[in-house]
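The values are calculated or read from the model by the stated rules, or taken from the named source; none is laboratory data. Quantities reported herein were computed from a predicted structural model and do not represent experimental measurements. Reconstructed Cβ throughout: ideal geometry from the backbone, glycine too, with neighbour counts over all protein chains shown. Protein only, heavy atoms only, side chains kept; ligands, DNA and RNA dropped before computing areas. Shrake-Rupley method; radii C 1.70, N 1.55, O 1.52, S 1.80 Å.
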Amino acid sequence: MAETKKLMRALAGEVQDVPPVWMMRQAGRYLPEYRATRAQAGDFLSLCYNPELAAEVTLQPIRRYGFDAAILFADILLLPQALGADLWFVTGEGPRLSTVTTQADFDALKGVGDIDEVLSPIYETVRILSRELPAETTLIGFAGAPWTVATYMIAGRGTKDQGPAHALRTENQPVFDALIDLITKGTIEYLSKQIEAGAEVVKIFDSWAGSLKGEAFERYALQPAKEIITALNARHPGVPVIAFPREAGDNYIGFAKATGADCVALDNSVSADWAAANVQVDGCVQGNLAPGHMVTGGQALIDETKRIKQAFSKGPHIFNLGHGITPDANPDNVQIMIDAIRG
Ligand code: 1CP
């Protein structure tokens with residue numbers, strides 16, 4: 001059967017007059033219906049592990065806006081929890097985890113074979129979504145990239161400069177490398193199970209790739225992505241992978257070819273014209289509208305949306321933000337963006 005879903009067509013390399021569109025964090029706190037369902041679940045983690053409610057919040061932005069893709073509602077920090085780290089969220093602050101900084105901490109973690117004990121509700125969410133999504137909507141599964149997940153596991157929280165992870169990588173490389181390898185293997189299993197449950201595309205979020213430079217980028221951003229994508233391609237041929245090495249700068253060039261990614265997602269620190277000339281030449285790109293426009297709106301939002309659409313119009317493109325929509329965004333601005341894209 002010919003592929004009719006707009007997002008799948010873009011990932012296959014098709015150039016479309018109107019690009020498919022979805023938004024990072026499209027299910028989230030800027031939506032009143034999300035806040036209501038999260039309150040019903042009790043807290044964020046209970047929402048992630050409740051398949052009916054997690055499917056409900058995934059569907060909310062699809063009902064409201066008719067996005068071309070739905071992204072599974074979960075979090076990149078569920079895999080560390082499945083590997084045995086303690087995980088909790090401090091309201092108003094963010095995630096906290098037990099830390100991994102020594103060989104003994106690493107040895108106390110679980111093996112890749114044990115992750116489904118914690119993660120099986122996530123696969124159930126995917127199964128529900130693959131039944132309930134509209135026929136034209138693509139279902140995206142996801143995981144964090146090993147480096148980004150490791151930064152949280154080592155520091156025990158989000159950090160501005162990923163200092164603790166950089167320190168471990170230089171001061172105790174055997175433990176650091178073992179952790180990267182464990183997360184890489186765990187991510188392959190986790191994404192494979194999401195695909196078996198019905199995810200049609202998977203995305204790898206390397207939110208902190210930009211703090212890796214030179215050889216370190218090659219070793220800890222590029223190589224793990226390549227290992228994950230190679231394994232997924234072997235197990236699930238034809239399932240596209242989107243890679244997001246956020247703030248990679250010049251390292252965006254050639255990233256798709258070097259890793260086998262079908263699409264590279266761009267943050268908003270690179271210009272669309274530069275990315276069209278240097279990254280889109282290798283295939284599909286996604287991004288790169290600055291999320292701040294969803295707060296400020298107005299004519300600037302419309303102009304910028306049309307400018308990005310135009311800049312990427314000669315190659316395959318998936319319209320998206322350069323990073324997640326923020327809780328202070330105005331839901332009306334999302335509709336304004338979509339109208340500017342679809343005309
Ligand atoms: O209060 C709330 O309701 C929690 C806010 C929230 C949400 C809505 C968190 C906590 N995670 C999520 C969902 C989420 N996280 C999704 C769901 C699908 C969607 O996009 O709609 C996805 C894909 C993620 C991915 C994620 N989680 C990333 C990578 C993307 C990015 O934003 O850079 C990262 C770094 C996380 C960790 C995380 N989870 C939550 C927060 C606040 C953070 C960042 C913590 C920090 O660095 O301080």
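Some observations on this one:
- Any strands (runs of 3 or more DSSP E) falling wholly within the stretch 250-343 and containing at least 1 residues that are over 20 Å from residue 210 (Cα atoms): 284-289, 317-321
- Cβ-Cβ contacts under 8 Å between residues 6 or more apart (or on different chains), taken from a first residue in the stretch 224-253 that is within 22 Å of residue 317 (Cα to Cα) and among the acidic types (Asp, Glu) to a second residue that is open to solvent by 60 Å² or more (accessible area, probe 1.4 Å) and not in a helix (DSSP H, G or I), are listed as 247/269.
- Qualifying residue in the stretch 120-139 (condition: under 23 Å from residue 247 (Cα atoms) and either open to solvent by 40 Å² or more (accessible area, probe 1.4 Å) or touching a Pro at 6+ places or on another chain (Cβ under 6 Å) (or both)): no
- Scanning the stretch 300-314 for residues that are buried (at least 19 other Cβ atoms within 10 Å of the Cβ) and touching a residue at least 60 places away in the same chain (Cβ under 8 Å) yields a total of 2.
- In the condition set (1) part of a loop (DSSP other than H, G, I, E, B); (2) within 20 Å of residue 217 (Cα to Cα), residue 238 is compliant with all but (2).
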